[in-house]
Amino acid sequence: MAEIEIRALRKAFDGAEVLKGVDLTIHDGEFISLVGPSGCGKSTLLRVIAGLEPQSSGEVRIDGASADGVRPSARNLAMVFQSYALYPHLSVFDNIAVPLRMKRLSALERAPFVGRLMPGRRRAERVIRDDVERVAAQLEISPLLKRKPGQLSGGQRQRVAVGRAIVRQPRAFLFDEPLSNLDAKLRVHMRAEIAQLHRQLKTTFIYVTHDQAEAMTMSGRIAVMIGGELIQAGAPAAVYEDPCDIRVAEFVGTPKINAFPGRIRSDGRLETLGHVLHMATPAPEGECRICVRPERIELASQGLLSGTVVHLENLGSEAFVHIGSAGTDAPVVARVNDPSQVPAIGATVGYGFAPEAVRAFDVDGKRIATSIPSRVERPREMAVV
Amino acid sequence: MTPRARMLLCSAIRHIVLHAGALVMLTPFIWMVSTASKPQTEIFSSDLHLIPYHFALWDNLRIAFAKADLWRYLLNGLIVTTSIFGLQVLVALPAAYALSKLRFLGRDVLFALVVFCILIPPQATAIPVFLLLHKLGVLDSYAALVLPFTISVFGIFLMRQFFKTVPDDLIDAARMDGISEFGIVWRVMLPTAIPAVTAFGIFSVVAHWNDYFWPLIVLNSEHLQTPPLAVAHFRNNEAGANYGPLMAAAMVIIAPLVIAFLFAQRRFIEGITLTGIK
Ligand SMILES: Nc1ncnc2c1ncn2[C@@H]1O[C@H](COP(=O)(O)OP(=O)(O)OP(=O)(O)O)[C@@H](O)[C@H]1O
Ligand SMILES: [Mg+2]
């Protein structure tokens, strides 16, 4: 149970700035995901929170108290690593018991031979045994307690790593891409399990991933980091629908959002590829990007915009049509809900989108406020012009 | 030639070369065993024969044990090599951990110095070390045999290279669990590094068990002498070199090494397969 505040956090490695002033408040009991492309500093942020890495400037506060100079173990946070980081020479039981032994036994009681003779040791060991067995039962790894990590499958190691984290009842959990070494099916399964674990424990979860599907499905809030900056934090749906920056729009959602080159005209209307959109903006005249998600692109026979089908991805339940058209750098991707309706490769298709589907960004990538002026007579919803 | 025949030929050549190499390495040992099994008269006979006509190994061993207190020398060897190895591990592991996993100013310079020290032959520093021990007043004692070797730069280097391969996450996990930095060295790094420690142990024990130079310099007392000095006893006898018992004594003093190596070799392979890092 902890509220974690991160204030103006900066971190540089040998002069290279990896975190460039991160501000974030993580509420008590929240499940927040940190997402972002590889190398954007997610792990570094997590390690600073954990106390494994000192920050260059800024502050981490846990439950209102500054965590500066507090040792990792004294912060009472638990971390699950991508590589699981189990002690290879210890059995599963001992792996899970390590944090408890370190916390509850004195140095003398932990000593190899003398420890056994200490009076309090046996009672403490009995309590530890009960705790480990309870956690093992909860994670369904009781039959594995005697094995070494080398004799476990990836999914089982993952559970042991989670077990080692939950056994000490930490104030918050830090996960660093815990599922990225698992195969796709197991990943979906473990995703559900971790979400379930959060509902059970009601503790703060900070979950780092570069898989945005994971973040969208599990967390109450996602925080998108790009290039060492935290660009946007909010509910998954809000970030998806209302990205405040073109990098967020492009990172969240697969396939990637379509970007068309556009212009803001002097009268405040937006235009793209020679068509004037039925949209207005208070932003000053100049270049801009017009972005539309694949599921909002509609194929139509009498094309408003048109292009040739260059590639098809049929996923069975849905299909993605890649349309190459003049004026856009990358092919435009459109989702077709009924795969039997997809056009053939090489066919010329028309497509369009509703003004509501448009997210516009200025040349710096910042979101531009847009509005749809009410029209007297509204023709068709999807009309572009 | 068919490919199959060619493969057989290649394999045959390979084996012949390897066998020749093995023979060159083994010949002195075979000769030692042979000589140790011959009576005095056969050793000096002009015809070369490997198999003795009269098997005299037991007699030679008896003479060897009667002439010198071999058990005492073996015990000295054991005390010296185990103390050296124990102290070397005690120094090398924390040093290697710091050099491989901790970030501090001047780490790379220190490591470069360690590598540089490997290049210095021990004979080059023998006289200063001897004078130092003299000033400390510990010449002619176990301490004189052990102390100069407690810091093994080779051991630090070897362990550091091995520790480099231990994932950082494992150390971070240990820190999260509340294990102190020294605790990490002994409870996390040492168990994962057993194969490397074993390999280092073989090098260290063999080198110091067989060391002739240093014990010869610092020792006077007979009761402290190490096994290689013991063999020398048989050579300096007034009656001239007595090769049968000498070779028998040599056999006795290498036997522990051979046995220890066979034992460690199994542990070595076991160690590699057991530590399932990853
Ligand atoms: N110990 C270090 N020394 C120097 N540079 C580092 C160190 N750790 C991380 N970096 C650099 O910091 C940047 C961010 O690394 P970080 O591990 O936080 O990325 P990430 O967002 O977790 O990426 P990924 O999704 O691939 O795990 C990278 O450019 C990396 O090279
Ligand atoms: Mg990372």
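Key figures for this structure:
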quantity: All helices (runs of 4 or more DSSP H) inside region A:211-305 with 1 or more residues being modelled with pLDDT under 90 and under 19 Å from residue A:320 (Cβ atoms); calculated: A:212-218
quantity: Where residue A:13 falls short, out of the listed (1) within 16 Å of ligand 2 (Cβ to nearest atom); (2) of a type outside the set (Ser, Thr, Tyr); (3) within 14 Å of chain B (Cβ to nearest Cβ); (4) surrounded by 14 or more Cβ atoms within 10 Å (Cβ to Cβ); calculated: (4)
quantity: Residues of region A:196-225 satisfying the condition of being under 19 Å from residue A:180 (Cα atoms), hydroxyl-bearing (Ser, Thr, Tyr) and either away from ligand 2 (no atom under 14 Å from the Cβ) or touching a Leu at 6+ places or on another chain (Cβ under 6 Å) (or both); calculated: A:217, A:219
quantity: Inter-residue pairs, beta-carbon under 8 Å, first in contact (Cβ under 8 Å) with a residue 24 or more places away in the chain and in region B:113-126, second of a type outside the set (Gly, Ala, Ser) and exposed (fewer than 13 other Cβ atoms within 10 Å of the Cβ), 6+ apart; calculated: B:122/B:213; B:123/B:213; B:126/B:213
quantity: Subset of region A:149-162 (residues that are buried (at least 21 other Cβ atoms within 10 Å of the Cβ) and more than 9 Å from chain B (Cβ to nearest Cβ)); calculated: A:157, A:158, A:159, A:160, A:162
quantity: Top-ranked residue in region A:67-84 [being touching a Pro at 6+ places or on another chain (Cβ under 7 Å) and over 15 Å from residue A:2 (Cβ atoms); ranked as nearest to the other protein chains (Cβ to nearest Cβ)]; calculated: A:83
quantity: Residues of region A:85-99 that turn out to be part of a helix (DSSP H, G or I) and at the interface with another protein chain (Cβ under 7 Å from one of its Cβ atoms), as a count; calculated: 2
quantity: Filter result (surrounded by fewer than 23 Cβ atoms within 10 Å (Cβ to Cβ) and within 16 Å of ligand 1 (Cβ to nearest atom)) within region A:167-178; calculated: A:177
quantity: Qualifying positions in region A:44-74 - within 13 Å of ligand 2 (Cβ to nearest atom), over 24 Å from residue A:199 (Cα atoms) and not in a loop (DSSP other than H, G, I, E, B); calculated: A:44, A:45, A:47, A:48
quantity: Of all residues making up region A:219-246, the number that are farther than 16 Å from residue A:21 by Cβ and crowded, with 20+ Cβ neighbours inside 10 Å; calculated: 5
quantity: Residues (surrounded by 12 or more Cβ atoms within 10 Å (Cβ to Cβ) and of a type in the set (Ser, Thr, Tyr)) located in region B:22-44; calculated: B:34, B:35, B:37
quantity: Among residues of region A:25-49, those that are buried (at least 17 other Cβ atoms within 10 Å of the Cβ), within 15 Å of ligand 1 (Cβ to nearest atom) and more than 14 Å from chain B (Cβ to nearest Cβ), counted; calculated: 8
quantity: Cβ-Cβ under 6 Å pairs, at least 6 apart or on other chains, region A:171-191 side within 14 Å of another protein chain (Cβ to nearest Cβ), far side in a strand (DSSP E or B) and more than 16 Å from ligand 1 (Cβ to nearest atom); calculated: A:172/A:77; A:172/A:204; A:173/A:78; A:173/A:205; A:174/A:77
quantity: Total residues in region A:108-136, condition loosely packed, with under 15 Cβ neighbours inside 10 Å and either of a type in the set (Ser, Thr, Tyr) or under 40 Å from the mean Cα position of the chain (by Cα) (or both); calculated: 6
quantity: Tally of residues being assigned to a loop (DSSP other than H, G, I, E, B) and either within 13 Å of ligand 2 (Cβ to nearest atom) or outside the structural domain of residue A:77 (by TED's automatic domain parsing) (or both) across region A:30-43; calculated: 6
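Results for (1) surrounded by 15 or more Cβ atoms within 10 Å (Cβ to Cβ); (2) in a helix (DSSP H, G or I); (3) more than 14 Å from chain A (Cβ to nearest Cβ), shown as yes or no for each residue.
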site	(1), (2), (3)
B:83	yes, yes, yes
B:96	yes, yes, yes
B:109	no, yes, yes
B:114	yes, yes, yes
B:123	no, yes, yes
B:130	yes, yes, yes
B:133	yes, yes, yes
B:139	yes, no, yes
B:173	yes, yes, no
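The values are calculated or read from the model by the stated rules, or taken from the named source; none is laboratory data. Because the structure is a prediction, the values reported are computed rather than measured. Cβ sites come from the backbone with ideal geometry, for glycine too, and all protein chains shown count toward neighbours.
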